[in-house]
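I have placed the structure first, in the form of structure tokens, so that the comments after it can refer back to it.
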Amino acid sequence: MALPCPPTHFGYDPEAKSHPYDPAEARRLLIEAGYPDGFDFTLHTPSVRKEIAEAVVGYLRKVGIRASVRVHEFGTFMTKWYSHDLSPAFLARFGEISYDGGAALFRTFRSGSLFCVFRNPGFDSLIDEGRFTTDRQKRVKIYSEVAKLIKEEVPFAFSYQSFSLYGVNERVNWEGRPDEQIHVFDMFFKK
């Protein structure tokens, strides 16, 4: 996964590729950055993502980063996230109900937005241009440029695309939505 939105969203660039998992390259980059012996690192996570955070920490340890997990109750985690108090890093999950990649990009990367912990005027300009441009093809090109900047700057380490699974009694007529919203008024019992 290379973007904060799934392939079903407008503006998703199928050519965008994330950095491959390469422990040897990670160790080389640590040495190049002046950390031949690694460094201490805390990954904050809400309790509902504890196991995923533990897996991430395991991967970080394999390259020499002395990583640990700090688990927060979900409400506490969100309060800390809103106040940008989860340094140096946190594990989060994004969902987007608009089906527009521009909304996810704005929320994640636009300086001053609620969830943004990254500052880059070039991103801001592109994201603003994409949000306020009505030409679909132009928006696709803009979001493709944003995808390239994401790969270069690496403001987030996108790790996976999660999918929701639902169990529904066979007497209930209901299907899950791709935006993960559950509209109870769409459910009814079969006759």
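Could you rank the peptides 37-48, 142-153, 18-29 by their average count of other C-beta atoms within 10 Å per residue, with the highest value first? The partial results should precede the final answer.
Values: 37-48: 15.5, 142-153: 17.8, 18-29: 11.8.
Order by mean packing, descending: 142-153, 37-48, 18-29.
Could you give me the ³J(HN,Hα) list for region 44-51, computed from phi with Karplus coefficients 6.51, -1.76, 1.60 and θ = phi - 60°, whole Hz, x at Gly and Pro?
7, 8, x, 4, 6, 10, 4, 5
From the Cα gyration tensor of region 74-185, with a ≥ b ≥ c the square roots of its eigenvalues, which class applies: rounded if a/c is under 1.5, or else prolate if a/b is larger than b/c, or else oblate?
It is oblate, given that a/c is not under 1.5 and a/b is not larger than b/c.
List every residue whose amide H lies under 5 Å from the amide H of R70, counting only residues 5 or more places away in sequence or on a different chain, with H placed 1.01 Å from N in the peptide plane.
Answer set, sorted by chain and number: L43, H44, T45.
Using the Karplus curve 6.51 cos²θ - 1.76 cosθ + 1.60 with θ = phi - 60°, what ³J(HN,Hα) values do you get for each residue of region 175-184, in whole Hz, with x for Gly and Pro?
So the J values, rounded to whole Hz, are 10, x, 9, x, 8, 6, 6, 10, 9, 5.
In terms of modelled amide H atoms, which long-range or inter-chain residues lie less than 5 Å from the amide H of D100?
F10
Whole angstrom only: what separates the Cα centroid of region 144-160 from the Cα centroid of region 121-142?
A separation of 16 Å, based on Cα centres.
Just so you know, all these numbers are worked out from the coordinates, no wet-lab data involved. Fair warning: this is a prediction, and the values are worked out from it, not measured in the lab. Neighbour counts are summed over all protein chains in view; Cβ atoms, including those assigned to glycine, are modelled from backbone coordinates with ideal geometry.
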